[in-house]
Amino acid sequence: MADLTIACVDGDPAARSETREALVDDHDVVSCGSVSEAADLVRTEDIDCVVTEYSLPDGSGLDLTRLLRDRSPDTPVVLFTDVSPDRIDSARYQDVVVEYLPKDMPEARKLLGRLVENVVAQRTQVAYPLPPEEDDRLAALAQYDRPGMEAAETFDRLTTLARAHFGVDVAFVGLVDAHEERFLACAGEDWETLDREDTMCTHTILEDDMMVVEDVNADPRFADNDRLAELDIAAYAGIPLRTPRGATIGAFCLTNGEPRSFTEAELTDLQLFADEAMEQFELRRRLEESEEGDGPAAESGPGQGAADGGERE
């Protein structure tokens, strides 16, 4: 596996250089010496994997990993360290998952390259397609998926109106996170979540405008999806919910228990419903941010994702 970009993080310049040399023949390697520098690096660069020492000048490799989970949830982390496992403070980081490779293992640096390639390959070998800018998309989602959002009556009203307007069995607003879709409002059913590999919106968020499937059983992407059959989804139309800066966070969708087509006029109306839903997301984001404090909002630098308020106009 070639052409990976790896971030090497170590406070010891000599050790950092050795680790970098072990990886640079096969991959692009960028290096830094602290948690803060690594966080900036991941925010501004497209990083495939982070290799970090445990002990860093301004924290630990686990501190860095937790920070990355907020900014770049799917970026794998390898803890490459001479600190033994019994000295690693794992009790405070039970939700953090990293690969561990001791530096004193025979041929450790040769093994490091193989480990990096394996963890990256595992990330890409998922059972569903990922958008090219998946990390940026997830960072943007965090700005809109606010506590209590599922209780917003506006989304209930929109989906209820849509279900009646189009004469379908179900209309819903769903947000697609790293591993599942969460239904904020679902008129006609009481769906709460669906694994990402089972939801059709996984494919909708890849589209520029919309995805329409008149007969799910006739589409090779979904014909063998038993979960869709259990939910009685035979037809589908979905519009991506896209932020002002172009990140797709979910979809506004219709489903039906029998195959059916959608006219151009219906699809135009569906786009209007999706636009209204996204306007409500944007309004709630702005209102909640204004209530969080009177201080100036964080600004995004060039290439910076939305994790630090990047979805601002």
Listed residues VAL29, VAL77, VAL42; which is out of contact with any Lys or Arg (no Cβ under 7 Å at 6 or more places or on another chain) and among the aliphatic types (A, V, I, L, M)? VAL77
Within region 131-143, does at least one residue satisfy the condition of being at pLDDT 90 or above, under 20 Å from the mean Cα position of the chain (by Cα) and either more than 20 Å from LEU267 (Cβ to Cβ) or surrounded by 15 or more Cβ atoms within 10 Å (Cβ to Cβ) (or both)? yes
Can we say ASP275 is modelled with pLDDT of 90 or more, farther than 27 Å from ALA140 by Cα and more than 19 Å from the chain's Cα centre (by Cα)? no
Hey, among ASP70, ASP26, which residue is of a type in the set (Asp, Glu), at pLDDT below 90 and not in a loop (DSSP other than H, G, I, E, B)? ASP70
Is there any pair linking a residue in region 165-177 that is in a loop (DSSP other than H, G, I, E, B) to one that is surrounded by 22 or more Cβ atoms within 10 Å (Cβ to Cβ) and modelled with pLDDT under 95, with Cβ under 8 Å and at least six apart or on different chains, and which? ASP177/LEU138; ASP177/LEU141
Can you give me the number of residues within region 236-259 that are in a loop (DSSP other than H, G, I, E, B) and within 19 Å of GLY167 (Cα to Cα)? 3
Going through (1) touching a Phe, Trp or Tyr at 6+ places or on another chain (Cβ under 8 Å); (2) assigned to a helix (DSSP H, G or I); (3) buried (at least 19 other Cβ atoms within 10 Å of the Cβ) one by one, ASP63 fails only at (1)
The correct count of residues that are surrounded by 16 or more Cβ atoms within 10 Å (Cβ to Cβ) and either modelled with pLDDT of 95 or more or not in a helix (DSSP H, G or I) (or both) in region 36-54 is 8
All-but-one check, ILE6 against (1) in contact (Cβ under 8 Å) with a residue 60 or more places away in the chain; (2) under 19 Å from VAL120 (Cα atoms); (3) surrounded by fewer than 19 Cβ atoms within 10 Å (Cβ to Cβ), failing number (3)
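The values are calculated or read from the model by the stated rules, or taken from the named source; none is laboratory data. On a predicted model such as this, the values are computed, not experimentally measured, just so you know. All Cβ positions, even for glycine, are placed from backbone atoms using ideal geometry, and neighbour counts span all protein chains on display.
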